1. List the number of the failed condition for residue B:208; all other conditions in (1) within 14 Å of chain A (Cβ to nearest Cβ); (2) within 21 Å of residue B:78 (Cα to Cα) hold.
2. Taking the stretch B:113-159 as the region of interest, how many residues are away from chain A (no Cβ under 14 Å) and of a type outside the set (Phe, Trp, Tyr)?
3. Within the stretch A:201-224, is even one residue surrounded by 20 or more Cβ atoms within 10 Å (Cβ to Cβ) and among the β-branched types (Val, Ile, Thr)?
4. Could you figure out which of (1) within 14 Å of another protein chain (Cβ to nearest Cβ); (2) under 30 Å from residue B:147 (Cβ atoms); (3) β-branched (Val, Ile, Thr) isn't true of residue B:196?
5. Whether any residue in the stretch B:51-70 is surrounded by 14 or more Cβ atoms within 10 Å (Cβ to Cβ) and modelled with pLDDT under 80 is what I want to check.
6. Kindly indicate which of A:293, A:282 is assigned to a loop (DSSP other than H, G, I, E, B) and of a type in the set (Gly, Ala, Ser).
7. Can you pull out the residues in the stretch A:377-396 that are more than 7 Å from chain B (Cβ to nearest Cβ) and either over 15 Å from residue B:214 (Cβ atoms) or outside any loop (DSSP other than H, G, I, E, B) (or both)?
8. Can you name the residue in the stretch B:146-184 that is surrounded by fewer than 12 Cβ atoms within 10 Å (Cβ to Cβ) and β-branched (Val, Ile, Thr) and is also farthest from residue B:199 (Cα to Cα) among such residues?
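The values are calculated or read from the model by the stated rules, or taken from the named source; none is laboratory data. Just so we're clear, the structure is a prediction, and the values are computed from it rather than from any experiment. Please note: Cβ atoms are built from the backbone with ideal geometry, for glycine as well, and neighbour counts cover all protein chains shown.
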Amino acid sequence: MDRVSKFIDLSFGNHICIGLTVRLVFILYGNIHDRFSVVPYTDVDYKVFTDAARHLVEGNSPYLRHTYRYSPLIAYLMIPNIIVGREFGKILFSVFDIFLAAAVKSLVERQLGVAKYASVTAKYCALSWLYNPLSIGISTRGNADSFPCFLIVLSIYFLQSNVFKNSITNIVLSGFFLGSAIHLRLYPLAFTFPMYLSLGKYKINRNTPIKEGLVSLLPNKNQMILAFSCVTSLLFITYAMYLRYGYEFLFETYIYHLLRKDTRHNFSILFYYTYLTKDQMSFDIVKILAQVSKCVLLFLLSLNYGCDPKTLPFAMFAQAVVLVAYNSVMTSQYFIWFLSLLPLVLKDFKMEPGKIVYLVFLWIATQCAWLFFAYQLEFKCRQVFMLIWCQSVMFYGSNVFILTQLIKYYRPGYAFGINESGKGIKEK
Amino acid sequence: MLTNIFSFRICIVVFVAIKVFSASKCDYDVKIAQILINDGYHRNLTYHIIFNEDSESKGIYNGCRIGLDQYLPAGVFVNPNELNEFNRLERLNAFPRGRVNIELPTEEAEPINVFIISELTDDEIQMWLPVHARYHESVSGGGMVQYDIGPPKMYLYCADRRLDVCDRSVSPSVTLTCNGGVKMCSWRDIPYTVLTDPLVWRVPVGNSNHFYIIGIGTAFAIMVGTTMVIRAMHDHILKHRRLIIR
């Protein structure tokens, strides 16, 4: 225990070095693992990015690579995979991981302001990302999602901390990074609403006259700047890519994901239903129910937690959980959507350690149970569709249950219960 | 007179030599064992090929190129990108003949042919091809569907044209790519003996009779889950209004 304390007490710079080294070791391990194992360590999409980058180097469109369904920017980032070495992309994603940890630390410090415990609290938050086995696994397997996740955290960072004295510059940069993240992945679109709301001032209660209430809903200067910079950057980058790669870019990057009909097994609660219907029903009440439920939850989370800058990260985190849990396709790479936002809110859950362990165990156990049956299907050809569906329901249930528990125990400003001396725990 | 007799004997020797050599080449004593290894949706189709096992004409095809043209039913496919990767790493030289959409289910996919090429350096050769099964549409009662994989067509190509003397009615000429590129070569279609049974790949399919129970169960789970989250939010806001709302 003493050793663990000493390790945690290392300077943040040392932790950054260790975090990066751990990732480099895993990249090396993955290289060796892939040579001998039937089940590769490297993410299948990493080969897709690399092939797309090879097409770019040869002067062709990255979309010549069948199943490349990302922005060309990802393929551009992967060009050194061809020129320098095939592990470059994994190292780059690991570096984004490190930047994200640094951004988390800086952001939490600024959120906590002048409090003496701000630095130590922020460090713990950053370490939770730096040493998260899932973040290490996802980036070192070559998943590109750490890039848009980093952009999202940067967007919150500029929105909530006065990096530049001129607040307009901060908001413009925030909008720019948010727009860039939406260009790369569609899901951050959901975050625009709470981020927009967090810049407003709402004093509406049952005694507020209607006219005054409506006026307070009108966008203020900061909200308009955020919306303008976000939309402008999104349109600018997207239009530039459209000019270069045409409709194929729009279809593969965006339209395909909206119309996606993936009937192969995945974590989603909708997987077996989609497989049985082949997604070909003209009026699909189950799919509509899932979409409506998702939209209602995203809206309510924005209204309840998005209107205050203090609770904005929680609103976005909870929204990311909902987006993943209700998605018609869910693979482990999607978990990074909410895991990358978790360090920003981790400090604010007033929860017993035993409860935390229980929730983590529940999440991992339901996932492992699903993986066990998925392995039986994919690698042993056993007829276990019904069992996989049962496990998908269990996993959905665990995601929802954990979200309800996190909402229940959420106390903005709790900051791990560390007192002003930075050592003890606040009395309950 | 003496010169004529000498020339005649030389001709006979040469003729006999060509006859003996070409006979050994054109006998095509070729055996093939075709096996699917691994389990699941991702397997390796392997070929163990033996030339002239029972004759003394060892190594007569050394330096030639062997090509296997494998027909795969609609439920089985090769991933062109995976093959490209193996080609690039020089672990395999194989490519589909025609376009392959790796995402289609069996019912929407077309059968494909894959051409696998290897250099012959010995009288035995191992060749392989990574293959994948497609998802199949659900059927009443579920269970398994079966994909049958037959033996490939086998071709030989020798750059020094040593097979040109062989009878074309036994091994007809076929024009195919030389080594995967655009350059075409005249290959010889080689008869062979298959040592193994036709391959059968059994893949699980969903049970369409489950439609109602899955639909109702999924909808019910979503409604319960959504209600739980809304209730948690409601309780939390009511209890900690001062903390959440400015």
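1. (2)
2. Keep residues of the stretch B:113-159 that are away from chain A (no Cβ under 14 Å), which gives B:113-127, B:129, B:148-159.
Then keep just the ones that are of a type outside the set (Phe, Trp, Tyr); that gives B:113-114, B:116-127, B:129, B:148-154, B:156, B:158-159.
The number of residues fulfilling the criteria is 25.
3. Quick first cut of the stretch A:201-224, residues surrounded by 20 or more Cβ atoms within 10 Å (Cβ to Cβ) only: none.
No, every residue in the stretch A:201-224 fails to be surrounded by 20 or more Cβ atoms within 10 Å (Cβ to Cβ) and among the β-branched types (Val, Ile, Thr).
4. The one condition residue B:196 does not meet is (1).
5. Going residue by residue through the stretch B:51-70, those that are surrounded by 14 or more Cβ atoms within 10 Å (Cβ to Cβ) are B:51-52, B:57, B:60-61, B:64-70.
Narrowing the set further to residues that are modelled with pLDDT under 80 leaves B:57, B:60.
The answer is yes; a qualifying residue exists.
6. Numbers: A:293 fails: assigned to a loop (DSSP other than H, G, I, E, B).
Within the list A:293, A:282, the selection yields A:282.
7. First pass over the stretch A:377-396, keeping only residues more than 7 Å from chain B (Cβ to nearest Cβ): A:384, A:387-388, A:390-392, A:394-395.
Answer for the stretch A:377-396, where residues must be more than 7 Å from chain B (Cβ to nearest Cβ) and either over 15 Å from residue B:214 (Cβ atoms) or outside any loop (DSSP other than H, G, I, E, B) (or both): A:387, A:388, A:390, A:391, A:392, A:394, A:395.
8. Out of the qualifying residues, it is B:182.
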